[in-house]
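Each remark here refers to the structure printed beneath this line.
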Amino acid sequence: MLTPLIAGNWKMNTGVHQGAELVIKLRELIKGVDTADVVIAPPFTSIYHLSHLIADSTIQLAGQNLHWEKSGAYTGEVSAEMLLDAGCRYVIIGHSERRTYFHETGDVVNKKLVAAIRAGLRPIVCVGETLKEREAKKTLSVVSTQLKGALAGLSGGGLKDITVAYEPIWAIGTGAVAAPQDAEEVHNALRELLYETLGAEAARPIRIIYGGSVKADNIDSLMSQPNIDGALVGGASLKAEEFARIVRFR
Ligand code: 13P
């Protein structure tokens, strides 16, 4: 059994003070809770400040994105090394909002994944299909292509630190959560693909988490599925009580 991972993706929400208030509340609410590894991904502007506030807690920080170069003339970008330096242990890569609004291709996702592993960050790699693709019964082929593209050319020790997040695009921010059995089917297929592509030893420690309208009232049924190893939570992670309840899933 893998230790579950519950991650909150704050997206482009919260200023420094608001983020601090949220973390201070969350820190108290989940004190002593050991159901899962807990990660939050605030905006870049809050990371360093929050790194001090989480110092005595089990909460860890993630970047929401990164650039694959270490440093240089890339105005507006942040590298894996900078995220680590600011206090992150994790980074989200290839979120559907980045693929859709910022035109991130499979090749870009792959470069970011390589850079994260090189720096020692734990990548959370997102895959997921659109509603049109789901209706055309293309879910498994779409997510498999995305995952293979992300992992292209990778091998070695850093792979064990990867988490895969299955986030069906039609479920993100819509309140339309995937049925636990439907999500399980996709997770199972992704797990098989990881074993085939990377071999059992590398694939075994990789967590596959679900994202898309995860809330306090649906987390328990999602987590009861054998191949769902946690959740990537958007909107509900901005409410301390609700996110704490998600972390304490049963
Ligand atoms: P919601 O939980 O708001 O649907 O967002 C999911 C998501 O995109 C997390 O990365």
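Can you tell me which residue among Thr35, Thr45 is closer than 26 Å to Gly173 by Cα and in contact (Cβ under 8 Å) with a residue 40 or more places away in the chain? Let's see the steps before the verdict.
Numbers: Thr45 fails: in contact (Cβ under 8 Å) with a residue 40 or more places away in the chain.
It is Thr35.
Give the residues of the range 32-54 that are open to solvent by 40 Å² or more (accessible area, probe 1.4 Å), at pLDDT 95 or above and not in a helix (DSSP H, G or I), sorted by residue number.
Here is the first cut: in the range 32-54, the residues open to solvent by 40 Å² or more (accessible area, probe 1.4 Å) are 32, 34-35, 37, 44-45, 48-49, 52.
Those still in the list that are at pLDDT 95 or above too: 37, 44-45, 48-49, 52.
If the condition is that a residue be open to solvent by 40 Å² or more (accessible area, probe 1.4 Å), at pLDDT 95 or above and not in a helix (DSSP H, G or I), then Asp37 is the only one that fits.
Select from the range 118-145 the residues that are open to solvent by 40 Å² or more (accessible area, probe 1.4 Å) and either charged (D, E, K, R) or within 23 Å of Arg191 (Cβ to Cβ) (or both) and list them in ascending order.
Residues satisfying the conditions are Arg118, Arg122, Thr130, Lys132, Glu133, Arg134, Glu135, Lys137, Lys138, Leu140, Ser141, Thr145.
Any residue at all in the range 145-159 that's closer than 23 Å to Ile40 by Cβ and more than 16 Å from the ligand (Cβ to nearest atom)?
Initial filter on the range 145-159 (closer than 23 Å to Ile40 by Cβ): 150, 158.
Narrowing the set further to residues that are more than 16 Å from the ligand (Cβ to nearest atom) leaves 158.
Yes, there is a match, as at least one residue in the range 145-159 is closer than 23 Å to Ile40 by Cβ and more than 16 Å from the ligand (Cβ to nearest atom).
Show me the helices (runs of 4 or more DSSP H) entirely contained within the range 94-153 in which 1 or more residues are acidic (Asp, Glu) and farther than 18 Å from Gly211 by Cβ. Before the answer, list the steps.
On the way: elements: 96-101, 106-119, 131-135, 139-151.
The helices (runs of 4 or more DSSP H) meeting that bar are 106-119, 131-135.
Is one or more of the residues making up the range 72-82 part of a strand (DSSP E or B), farther than 23 Å from Ala171 by Cα, more than 16 Å from the ligand (Cβ to nearest atom) and touching a His at 6+ places or on another chain (Cβ under 9 Å)?
Of the range 72-82, the ones part of a strand (DSSP E or B) are 79.
Next, from what is left, pick out any that are farther than 23 Å from Ala171 by Cα: 79.
Then keep just the ones that are more than 16 Å from the ligand (Cβ to nearest atom); that gives 79.
Add one more test, that the residue is touching a His at 6+ places or on another chain (Cβ under 9 Å), and what stays is 79.
Yes, the range 72-82 contains at least one residue that is part of a strand (DSSP E or B), farther than 23 Å from Ala171 by Cα, more than 16 Å from the ligand (Cβ to nearest atom) and touching a His at 6+ places or on another chain (Cβ under 9 Å).
Mind checking which residues of the range 123-141 are out of contact with any Pro (no Cβ under 9 Å at 6 or more places or on another chain), within 28 Å of Ile40 (Cβ to Cβ) and free of Cβ contacts under 8 Å to residues at least 60 places away in the same chain?
Pro123, Val125
Would it be correct to say that Leu84 is at pLDDT 95 or above and surrounded by fewer than 22 Cβ atoms within 10 Å (Cβ to Cβ)? It would help to see each step written out before you state the result.
On the way: at pLDDT 95 or above: yes; surrounded by fewer than 22 Cβ atoms within 10 Å (Cβ to Cβ): yes.
Judged against the criteria, Leu84 is a match.
Can you tell me which residue within the range 153-170, out of those that are modelled with pLDDT under 95 and not polar (S, T, N, Q), is surrounded by the most Cβ atoms within 10 Å (Cβ to Cβ)?
Leu159
If you check every pair at least six apart or on different chains, which have Cβ atoms under 8 Å apart with a residue in the range 171-200 that is within 16 Å of the ligand (Cβ to nearest atom) and open to solvent by 70 Å² or more (accessible area, probe 1.4 Å) first and a residue that is modelled with pLDDT of 95 or more and not in a helix (DSSP H, G or I) second?
Gly173/Ser213; Gly173/Gly234; Thr174/Gly212; Thr174/Ser213
I'd like the residue in the range 88-107 that is open to solvent by 30 Å² or more (accessible area, probe 1.4 Å) and away from the ligand (no atom under 14 Å from the Cβ) and, out of all such residues, is farthest from Ala150 (Cα to Cα).
Taking the candidates together, the pick is Arg89.
Could you figure out which of (1) in a helix (DSSP H, G or I); (2) touching a residue at least 12 places away in the same chain (Cβ under 8 Å); (3) more than 19 Å from the chain's Cα centre (by Cα) isn't true of Glu69?
(1) is the only condition that Glu69 fails.
The values are calculated or read from the model by the stated rules, or taken from the named source; none is laboratory data. The shown structure was predicted, so the numbers you read here are calculated from the model rather than taken from an experiment. Reconstructed Cβ throughout: ideal geometry from the backbone, glycine too, with neighbour counts over all protein chains shown. These area figures cover heavy atoms from the full protein model, side chains too; ligands, DNA and RNA do not enter into them. Shrake-Rupley method; radii C 1.70, N 1.55, O 1.52, S 1.80 Å.
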